[in-house]
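J.: Supplied in structure tokens, the structure appears directly below.
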């Protein structure tokens, strides 16, 4: 059943543990010549800057988390929806940091709904899970035939620059993507000391990993990006794979450095936008500050 903007605030936030419990709900709609942030509500330390229009009609929104990091027991919920005719880009002004925990688990829940004839570009900066952090994440993406979506998730585990591994930390992540209420993709991102023993099936000692999803002419985009991916095969510090699943392009990456994977995903975004619109977008200024 289709949701309205008001429906986004009807679910209860995740249970907290006596620490920060925050929820942010965003609704984008077509306005007079541009997309507007029609609905915005929040509880706790999650908010969004005013709508910005560096590209004209496209609404840019920056998610803000004033405490500057997430600790064990914190609970964050983010929901965003685009209505027909809306085009929105959502990112963050900085990395999201998950700090070491004394045993409590932090949680991050994201729900993204993209209506037919609308576009959502969900491109936050990286998540940093510090040594011995414990967290659970769940991302639900609900797409519609005729919509366009690109979104990514980038993780850095531990502090490799300081020579610190993820240690006894754990991440249990779930991503599910549906098209017209039919589940297309359901996958887990699970990291803990026990799973790390299976090197070939895990991160192969790369501290940075990420996944990018594109819906909207995925097969043609995969063909355009394949030569670029093959050119990266000689890079020892970066590995990229492309898969098309039921009309969904999935780009997976492993890297030694966050900036290398972020640059690769940015390349995919620029080529995707150019394929959709005929114009190559400029990199958001907030990424350069």
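The numbers here are math on the coordinates, done by the rules we state, and not lab data. Everything quoted here is computed from the prediction, not taken from an experiment. No Cβ is skipped: glycine too gets one built from the backbone with ideal geometry, and neighbour counts run over all protein chains shown.
J.: Using a Förster distance of 22 Å, how high is the FRET efficiency between residue 102 and residue 138, based on the Cβ-Cβ distance and rounded to 0.05?
T.: Efficiency, from the Cβ-Cβ distance: 0.45.
J.: Just order 101-112, 206-217, 254-265 by mean Cβ neighbour count inside 10 Å, highest at the front, would you?
T.: 206-217, 254-265, 101-112
J.: Between 123, 140, 156, find the one with the highest GNM mean-square fluctuation for the chain; connect C-alpha pairs within less than 10 Å.
T.: Among 123, 140, 156, the largest GNM mean-square fluctuation belongs to 140.
J.: Then there is this: So, R0 is 25 Å and r is the distance between the beta-carbons of residue 174 and residue 220; what FRET efficiency does that work out to, to 0.05?
T.: Efficiency for this residue pair is about 0.30.
J.: While we're here: Return a whole-number percent for the relative contact order of the stretch 135-179, with Cα pairs under 8 Å and 6 or more residues apart as the contact set.
T.: Relative contact order of the stretch 135-179: 65 percent.
J.: Could you tell me the distance between the Cα centroids of the stretch 104-150 and the stretch 50-80, to the nearest Å?
T.: 12
J.: Rounded, prolate or oblate: pick one for the chain, where a ≥ b ≥ c are the square roots of the eigenvalues of its C-alpha gyration tensor, a/c under 1.5 means rounded, and failing that, prolate if a/b is larger than b/c, else oblate.
T.: oblate
J.: Also, quick follow-up: I'd like to compare 234-241, 82-89: which one has the highest average count of other Cβ atoms within 10 Å, and what's the full order after that?
T.: Answer by packing, highest mean first, reads 82-89, 234-241.
J.: Sticking with the crude label model, points 7 Å out along Cα→Cβ, report the distance from residue 234 to residue 47 in nm, one decimal please.
T.: 5.0
J.: Report the full-extension gain for the segment residue 40 to residue 91: residue separation times 0.36 nm, less the Cα-Cα distance, to one decimal in nm.
T.: Length gained between residue 40 and residue 91: 16.8 nm.
J.: Among 271, 39, what is the fewest-to-most ranking by other Cβ atoms within 10 Å?
T.: 271, 39
J.: Multiply the residue gap between residue 256 and residue 277 by 0.36 nm, knock off their C-alpha separation, and tell me the result in nm, one decimal place.
T.: My answer for the length gained is 4.3 nm.
J.: From the Cα gyration tensor of the stretch 100-256, with a ≥ b ≥ c the square roots of its eigenvalues, which class applies: rounded if a/c is under 1.5, or else prolate if a/b is larger than b/c, or else oblate?
T.: Since a/c reaches 1.5 but b/c is at least a/b, the shape of the stretch 100-256 is classed as oblate.
J.: For the stretch 56-127, what does the alpha-carbon gyration tensor say about shape, rounded, prolate or oblate, given a ≥ b ≥ c as the root eigenvalues, a/c under 1.5 as rounded, and a/b over b/c as prolate?
T.: prolate
J.: Treat each spin label as a single point 7 Å out from the Cα along the C-beta direction, and report the residue 57 to residue 287 distance in nm.
T.: About 2.3 nm separates the two model spin labels.
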